[in-house]
Amino acid sequence: MKEIHLKDYEEIVRVGQMYLDSCREGKSEIMKPAFHKNASINGEPIQTLFDGVDKAGASNTTGRIDVLDVINDVAVIRITMEDYFGDNFVDFHMLKKEEDGWKIVAKIFTGF
């Protein structure tokens with residue numbers, strides 16, 4: 001396994017924060033750079049997420065980002081969001097490090 005540096009963790013958290021900020025502001029353009037062009041959400045095209053965020057608008061959600069694991073050029077983060085329009089969610093984001101940095105390649109979520 002390749003050694004992981006603190007800079008990688010910081011960049012991974014920054015990607016997660018872009019997602020949270022986008023959900024709070026209701027603007028998908030904030031999160032789009034965090035996602036790989038071929039990313040998916042629960043098996044659907046990622047455009048589904050972007051459209052939903054834009055349609056929903058700004059929210060008062062709060063969230064927490066946890067880096068669960070980083071191995072070489074892959075990572076998994078958990079984002080727990082509370083009060084996203086009255087609902088609570090746990091998201092798992094799978095990331096891949098590419099030449100232009102860490103990108104979310106897949107997102108799955110469930111409510112709680």
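The figures follow:
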read-out: Student exercise, the chain dipole from Lys, Arg, Asp, Glu Cβ charges, in Debye to nearest 20; value: 100
read-out: Within segment 24-81: Cβ-based charge dipole about Cα centre, in debye rounded to nearest 20 (Lys, Arg +1; Asp, Glu -1); value: 140
read-out: Which listed pairs, of Lys32/Lys97; Lys7/Lys107; Lys27/Lys103; Lys7/Lys97; Lys37/Lys107; Lys32/Lys107, have C-alpha distances above 21 Å, in listed order; value: Lys7/Lys107
read-out: CD proxy at 222 nm, helix term only [per DSSP H run n ≥ 4: -39500 (n - 2.57); per residue of the chain; nearest 500]; value: -9500 deg cm²/dmol
read-out: 0 to 90° range, to nearest 10: angle between helix 47-56 axis and the chain longest Cα axis; value: 40
read-out: Radius of gyration and Dmax over the Cα atoms of the chain, both given in Å; value: 13.4, 42
read-out: Relative contact order (percent, whole number), segment 6-111, Cα cutoff 8 Å, 6+ residue spacing; value: 26
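Each reported figure results from applying straightforward, stated rules to the coordinates on display, with no laboratory input. These figures come from a predicted structure and were not determined experimentally. Positions of Cβ are backbone-derived with ideal geometry, glycine not excepted, and every protein chain shown enters the neighbour counts.
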